[in-house]
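One structure below.
The values are calculated or read from the model by the stated rules, or taken from the named source; none is laboratory data. Everything numeric in this text was worked out from a predicted model, so none of it was measured. Here Cβ is always computed from backbone atoms with ideal geometry, including for glycine, and neighbour counts include all displayed protein chains. With ligands, DNA and RNA removed, areas are computed over all heavy atoms of the protein, side chains included. Shrake-Rupley method; radii C 1.70, N 1.55, O 1.52, S 1.80 Å.
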Amino acid sequence: MGVKHTEGDKSNAICPHCHQVVATTLRRRDVPFSDGSGLVRDLLVAVCDKCDMVVAIPAQSTPAIQEARR
Ligand SMILES: [Zn+2]
């Protein structure tokens, strides 16, 4: 099962925008598909505390993306 992440959880990750290790916070965001065909609303993702951009999408949020694609 693994650990369930919740909104507001803090972590660290390499931000592709800041090009350094940054503190991240899990927040709900509208996330566009990589191919630009649409977006998923209120997806729980890791957001960079410095630049406020999406850094990572937790594995538990992936089914939501696949669901929204249908
Ligand atoms: Zn950043």
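If you go through segment 1-39 one residue at a time, how many are of a type in the set (Gly, Ala, Ser), assigned to a loop (DSSP other than H, G, I, E, B) and within 15 Å of Pro58 (Cβ to Cβ)?
Counting residues in segment 1-39 that are of a type in the set (Gly, Ala, Ser), assigned to a loop (DSSP other than H, G, I, E, B) and within 15 Å of Pro58 (Cβ to Cβ) gives 2.
Can you find, within segment 17-48, the residue that is nearest to Ala68 (Cα to Cα) among those that are near the ligand (Cβ under 10 Å from one of its atoms) and open to solvent by less than 70 Å² (accessible area, probe 1.4 Å)?
Val47
Just to be sure, is Val55 at pLDDT 85 or above and within 16 Å of the ligand (Cβ to nearest atom)?
yes
Residue by residue through segment 50-70, note down the ones that are more than 14 Å from Glu7 (Cα to Cα) and of a type outside the set (A, V, I, L, M).
Within segment 50-70, Lys50, Cys51, Asp52, Thr62, Pro63, Gln66, Glu67, Arg69, Arg70 qualify.
What are the pairs, 6+ residues apart or on separate chains, where a residue within segment 2-21 that is at pLDDT 95 or above has its Cβ under 8 Å from a residue that is hydroxyl-bearing (Ser, Thr, Tyr) and open to solvent by 90 Å² or more (accessible area, probe 1.4 Å)?
Close Cβ pairs satisfying both conditions: none exist.
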